[in-house]
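What follows is a short report on a single structure.
The values are calculated or read from the model by the stated rules, or taken from the named source; none is laboratory data. All values reported here derive from a predicted model rather than from experimental measurement. Here Cβ is always computed from backbone atoms with ideal geometry, including for glycine, and neighbour counts include all displayed protein chains.
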Amino acid sequence: MSATKRSRAIPGAVEPDPGPRVKRQRTDLLILGAGGAGLVAALHAHSANPALHVTIAVKGLLGKCGCTRMVQGGYNVALAPGDSVERHFMDTIEGGKWLPDQDLAWALVTGAIERIHELENELGCFFDRNADGSMHQKAFAGQTFDRTVHKGDLTGIEIMNRLAEQVWARGIHRLEEHRALDFVAAAGKDDAGALAGVLLADIRTGDYVFVQAKAVLLATGGGPTMYRFHTPSGDKSCDGLAMAMRFGLPLRDMEMVQFHPTGLLAGRETRMTGTVLEEGLRGAGGYLQNGDGNRFMERYDERAERATRDIVSRAIYAEMRAGRTTPNGGVYLSMGHLGPANVRRQFKGMVERCADCGFDLAAGKVEVVPTAHYMMGGVEFAPDCTTECAGLFVAGEDSGGVHGANRLGGNGVANSTVFGGVAGDTIAAWLARDGAWREPDAVALEAARARAEAPFMHRRSDPGALESIRGRLYDVMWDDAGIVRDAAGLARAASALDALGAELAATGIRDGERAFNLTWHDGLNLANLIAVSKVIVRAARTRENSRGAHYRSDYPDTGDLSTSTFVRVRQRDERLEAEAVPVRFTRVAPGRSLLDPWSGP
Ligand SMILES: Cc1cc2nc3c(=O)[nH]c(=O)nc-3n(C[C@H](O)[C@H](O)[C@H](O)COP(=O)(O)OP(=O)(O)OC[C@H]3O[C@@H](n4cnc5c(N)ncnc54)[C@H](O)[C@@H]3O)c2cc1C
């Protein structure tokens, strides 16, 4: 289809093509995203009520996209004798620097036990075992017990394959290669503030589809792909977070972007750069060495390479800033001292990935750099996955509050599968009570369509325009809103993001064809990334202390733990508003521990 058409009124003049019309579909439950959260939610909702019409809409192919598939290290769960949910909870709270919502963290650690048994016994996942038949659990940084269940170092593939098989087997409706664009509010005073459904774009045809749904689960999985080095899959561009923000929902902890310390550094020209080399490598005894060949972590933390991700990332960044770097500008990860055959056996996937890029992980050294990995922040939600908006639920990396200032390795996939299941159960019960289809507000629906259509309305379309904007976005976020922040850098980032947003809004698409128009989707991705980057910067400017992943060189102190606050950001009339909200210590107060029998809130 052409982006422009000849006007009848003025011969030769060109007027905008209104674009394709919107098709309509109906479902009981629409799930956005097919990672661990989305798929477990679908299975739970279906088990609770097989008569429900459940639709999963996903930007890529079901089972093949998102980050759950990329999970390498494993899944935290307190199973072994000597470990306990209280210990897992305390590690999560202390790792999160007392910012997690304690009821959410408790739901995570207790729900993980139920979910891992379900994954094994009902869904058929095979995890590695000890000689005595018990589940093998390995060490992950920042934890006081070896509690990470895994399948070699390719745990996510095992989980996703089994989940996807079950979804296919149960006839759950799928909209693959469908991109969610915006939530659409219901029409009418009686339904004010309620959700009518979601506008999507069918990537294969370019058609718009409005899916009217009684309930919607947001599970598009965050993903900080606005940083120069990042780990998440290419389909992730913070779409769900941007949609939630435009819909007026509050986001929390958005300043908390986790950098994984060891992203592969294979040069700027390859997408392999930034992909993660798992934490278990350091857990098993791997060394970090700077460009001079010296180990440096002991200078930064007594736990050395086993310190939490935030500390290791900052230490590497400091070595980089001091110029003690490898040829490509990072540091080395070295495993050879643990015995090459042993490393090859324990970390087969990692060894092969490094070999693909010309590095010998088993016997030599691999260049690594901190890489943006995970967003602790997301939509505010309750332990039953409800949000401020009736009928809109959230689970997985799109949600905020479970991890606080720092996510423990292994708590990510636990988070998505635990809360995915909770969401499925909650939604099935909610639908039985309150579920109803609502008519969309025509103005809101058209506004959503017009927003997606806007790039076709502009004439400017320099080749490489989007690439240039993306490159500058990477630089702004890495340099001024990355591992170390300060007021001047964040102010620079805020104005640079405004300018990039305006430039993108004025950038058009040369080719008016909508079917598989990846330039169009690239532009939509960038718009969401810039919108969410602004939230990150706004939250980072609001937090004038240093906690976990958020480090301000102008405010290096942690601040008083007992008066901890989290940052809530909300969009009102195109403006971002931020506020500091007190953390409620519902289970344990700072300085106390659930492991101490005399402890309490
Ligand atoms: C390389 C890597 C390794 C990791 N290793 C571990 C580990 O060892 N242990 C651990 O606990 N965690 C790990 N994590 C984190 C973990 O992957 C995430 O915490 C978790 O998988 C997130 O699950 P999710 O369901 O929320 O999102 P995802 O699994 O990312 O799924 C998101 C889904 O949403 C879809 N989507 C996105 N945008 C749209 C849109 N606009 N419309 C429709 N669909 C959309 C995507 O296509 C995808 O299907 C790792 C992450 C990465 C990147």
Based on what the data block shows, is Gly152 more than 11 Å from the ligand (Cβ to nearest atom), free of Cβ contacts under 8 Å to residues at least 12 places away in the same chain and within 30 Å of Ala112 (Cβ to Cβ)?
no
Output the number of the condition that Gly400 fails; it satisfies all remaining conditions of (1) within 21 Å of Arg547 (Cβ to Cβ); (2) out of contact with any strand residue (DSSP E or B) (no Cβ under 7 Å at 6 or more places or on another chain).
(2)
For Arg568, all conditions in the list (1) more than 30 Å from Met243 (Cβ to Cβ); (2) not acidic (Asp, Glu); (3) not in a loop (DSSP other than H, G, I, E, B) hold save one; what is the number of the exception?
(1)
Flag for Met243 being buried (at least 22 other Cβ atoms within 10 Å of the Cβ), hydrophobic (A, V, I, L, M, F, W, C), at pLDDT 95 or above and away from the ligand (no atom under 13 Å from the Cβ):
no
Which is at pLDDT below 95 and of a type in the set (A, V, I, L, M, F, W, C), of Ala488, Ala496, Ala481, Ala506?
Ala506
Before we move on, is Ala51 surrounded by fewer than 22 Cβ atoms within 10 Å (Cβ to Cβ) and modelled with pLDDT of 95 or more?
yes
Evaluate the following for Leu249: is it more than 19 Å from the chain's Cα centre (by Cα) and more than 12 Å from the ligand (Cβ to nearest atom)?
no
What residue, of Leu108, Leu104, Leu119, is touching a residue at least 12 places away in the same chain (Cβ under 8 Å), in contact with a Cys (Cβ under 8 Å, 6 or more places away or on another chain) and not in a loop (DSSP other than H, G, I, E, B)?
Leu119
Are any residues in region 98-125 farther than 16 Å from Thr417 by Cα and in contact with a helix residue (DSSP H, G or I) (Cβ under 8 Å, 6 or more places away or on another chain), and if so, which ones?
Trp98, Pro100, Gln102
By residue number, the members of region 358-414 that are over 28 Å from Thr325 (Cβ atoms), more than 12 Å from the chain's Cα centre (by Cα) and among the acidic types (Asp, Glu) are Glu380, Asp384, Glu388
Restricting region 37-93 to residues that are touching a strand residue (DSSP E or B) at 6+ places or on another chain (Cβ under 7 Å) and assigned to a helix (DSSP H, G or I), which is nearest to the ligand (Cβ to nearest atom)?
Gly38
Of all residues in region 533-565, how many are farther than 23 Å from Met226 by Cα, touching a residue at least 60 places away in the same chain (Cβ under 8 Å) and touching a strand residue (DSSP E or B) at 6+ places or on another chain (Cβ under 8 Å)?
2
Would you mind stating whether Ala454 is within 30 Å of Asn49 (Cβ to Cβ), within 27 Å of the chain's Cα centre (by Cα), away from the ligand (no atom under 11 Å from the Cβ) and touching a residue at least 12 places away in the same chain (Cβ under 8 Å)?
no
Those residues of region 131-176 which are closer than 26 Å to Gly95 by Cβ and polar (S, T, N, Q) amount to Ser134, Gln137, Gln143, Thr144, Thr148, Thr155
With the condition kept exactly as written, say whether any residue in region 382-398 is farther than 24 Å from Thr144 by Cα and touching a Lys or Arg at 6+ places or on another chain (Cβ under 6 Å).
no
Of Glu298, Glu269, the only residue that is more than 16 Å from the ligand (Cβ to nearest atom) and either of a type outside the set (D, E, K, R) or at pLDDT below 95 (or both) is Glu269
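Taking region 187-206, which residues are surrounded by fewer than 23 Cβ atoms within 10 Å (Cβ to Cβ), of a type outside the set (S, T, N, Q) and touching a residue at least 12 places away in the same chain (Cβ under 8 Å)? First the steps, then the outcome.
Our first condition is that a residue be surrounded by fewer than 23 Cβ atoms within 10 Å (Cβ to Cβ); within region 187-206, this holds for 187-194, 202-206.
After this cut, where a residue has to be of a type outside the set (S, T, N, Q) as well, the list is 187-194, 202-204, 206.
Listed by number, the residues that qualify are Ala187, Gly188, Asp191, Gly193, Ala194, Asp202, Ile203, Arg204, Gly206.
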Checked Met70, Met90 against criteria (at negative phi, in contact with a helix residue (DSSP H, G or I) (Cβ under 7 Å, 6 or more places away or on another chain) and of a type outside the set (Val, Ile, Thr)); the one match is Met70
For region 379-392, indicate whether the set of residues that are β-branched (Val, Ile, Thr), near the ligand (Cβ under 10 Å from one of its atoms) and touching a residue at least 12 places away in the same chain (Cβ under 8 Å) is non-empty.
no
The one condition in (1) of a type outside the set (A, V, I, L, M, F, W, C); (2) more than 18 Å from the chain's Cα centre (by Cα); (3) surrounded by 19 or more Cβ atoms within 10 Å (Cβ to Cβ) that Ser553 fails to fulfil:
(3)
Give Ile316, Ile311 a once-over and let me know the one that is within 16 Å of Glu367 (Cα to Cα), within 26 Å of the chain's Cα centre (by Cα) and away from the ligand (no atom under 16 Å from the Cβ).
Ile316
For region 127-162, name all the residues that are surrounded by fewer than 17 Cβ atoms within 10 Å (Cβ to Cβ) and under 22 Å from Ala41 (Cβ atoms).
Asn161
